[in-house]
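As structure tokens, the structure follows; a few thoughts come after it.
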Amino acid sequence: MYKLYGSPGMANLAPHMALETIGVPYVMVWVDTANQQHHQPEYLRLNPTGRLPTLVDGDQPIFETAAILLHLADRHPQAGLLPPLGSIERARACQWLIHLTNSVQVAFLAYYYPERHVMDPAFADSVKQAAENRLNALFDVVEKALEGREWLGGGGPGIVDFMLLMMVRWGRNFAGRPPRLLHHLGAHAARTTALPAVTRAFEQEGLGQPWY
Ligand SMILES: N[C@@H](CCC(=O)N[C@@H](CS)C(=O)NCC(=O)O)C(=O)O
């Protein structure tokens, strides 16, 4: 039995979509971030970074969203969440997954936690705006990659698409151009949220509309 530790709308959302798609038994464990539960010893024993999410597989905790997604896709190959091992399509899917976690998500951390990126709080707004600008450029790259294809991670929906949707959602309140306004990204988000398993994950997290 899997346990997925998270908080509504946080980075647990993509693994949540994966678990619902796979259809395997699991429980969501909601972490009370407002009361700093993710910084308490009990949680830090599972995830020493004090971040969300954490997946516990049996008695083995795994952290980092991309690693959790890869583990779920590998453990349940029948769900088709990644192209076959050793294929060029698999390499391409991993390329986008790593790009999303290593570049896009990192910029989102500056967007959502600008105060952690400055010594003088007076500069926090500037950091947030710079992060949004950087994210616009990163989303432009993904927009171009989606030209002529329905899914970013392969021939069907999979973990890369779940990660992308989560990040498009995180940009929904951009002051300038939310990523949903880009033609292919908007269509991809609509296509992905229409998948019944993805809809269930959003509903189970109690996320109100608009989702992205
Ligand atoms: N690269 C990490 C980043 C995790 C991360 O920063 N998660 C955010 C939620 S989306 C978090 O834990 N925020 C609470 C905090 O930093 O206090 C991952 O994907 O697991």
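Remarks
- Considering residues of the stretch 172-206 that are assigned to a loop (DSSP other than H, G, I, E, B) and touching a Lys or Arg at 6+ places or on another chain (Cβ under 8 Å) only, the residue least open to solvent (accessible area, probe 1.4 Å): Pro178
- Scanning the stretch 89-105 turns up at least one residue that is aliphatic (A, V, I, L, M), open to solvent by 20 Å² or more (accessible area, probe 1.4 Å) and more than 17 Å from Gly6 (Cα to Cα).
- Checking each residue of the stretch 116-130 against the condition of being within 16 Å of the ligand (Cβ to nearest atom), open to solvent by less than 30 Å² (accessible area, probe 1.4 Å) and in contact with a His (Cβ under 7 Å, 6 or more places away or on another chain) gives no match.
- Test result for Ala93, of a type outside the set (Asp, Glu) and within 16 Å of the ligand (Cβ to nearest atom): no
- Residues of the stretch 42-54 classified as more than 10 Å from the ligand (Cβ to nearest atom) and either over 14 Å from Val29 (Cα atoms) or touching a Pro at 6+ places or on another chain (Cβ under 9 Å) (or both), total: 4
Per-residue answers, yes or no, for (1) without any contact (Cβ under 8 Å) to a residue 60 or more places away in the chain; (2) in contact with a strand residue (DSSP E or B) (Cβ under 9 Å, 6 or more places away or on another chain):
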| site | (1), (2) |
| --- | --- |
| Lys3 | yes, yes |
| Val31 | yes, yes |
| Gln36 | yes, no |
| Arg51 | yes, yes |
| Trp96 | no, no |
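- When residues of the stretch 106-115 are limited to those that are more than 9 Å from the ligand (Cβ to nearest atom) and open to solvent by less than 20 Å² (accessible area, probe 1.4 Å), the one farthest from Ala11 (Cα to Cα): Pro114
- Taken together, the residues in the stretch 58-78 that are more than 9 Å from the ligand (Cβ to nearest atom) and either open to solvent by 30 Å² or more (accessible area, probe 1.4 Å) or part of a loop (DSSP other than H, G, I, E, B) (or both) amount to 12.
- Residues that are surrounded by 14 or more Cβ atoms within 10 Å (Cβ to Cβ) and charged (D, E, K, R) within the stretch 149-171 comprise Glu150, Asp161, Arg169, listed in sequence order.
- Output for the stretch 28-57, where each listed residue is open to solvent by 30 Å² or more (accessible area, probe 1.4 Å) and either touching a Cys at 6+ places or on another chain (Cβ under 9 Å) or polar (S, T, N, Q) (or both): Thr33, Asn35, Gln36, Gln37, Gln40, Thr49
- Count of the stretch 11-27 residues, restricted to those that are within 16 Å of the ligand (Cβ to nearest atom) and either surrounded by fewer than 20 Cβ atoms within 10 Å (Cβ to Cβ) or not aliphatic (A, V, I, L, M) (or both), is 3.
- Any chance Val141 is in contact with a His (Cβ under 6 Å, 6 or more places away or on another chain) and open to solvent by 30 Å² or more (accessible area, probe 1.4 Å): no
- Residue count, the stretch 1-22 (criterion: part of a loop (DSSP other than H, G, I, E, B) and closer than 16 Å to Leu69 by Cβ): 3
The values are calculated or read from the model by the stated rules, or taken from the named source; none is laboratory data. The structure displayed is predicted, hence computed values, not measured ones. Here Cβ is always computed from backbone atoms with ideal geometry, including for glycine, and neighbour counts include all displayed protein chains. Note: accessible area is taken over every heavy atom of the protein model, side chains too, but ligands, DNA and RNA are not part of it. Shrake-Rupley method; radii C 1.70, N 1.55, O 1.52, S 1.80 Å.
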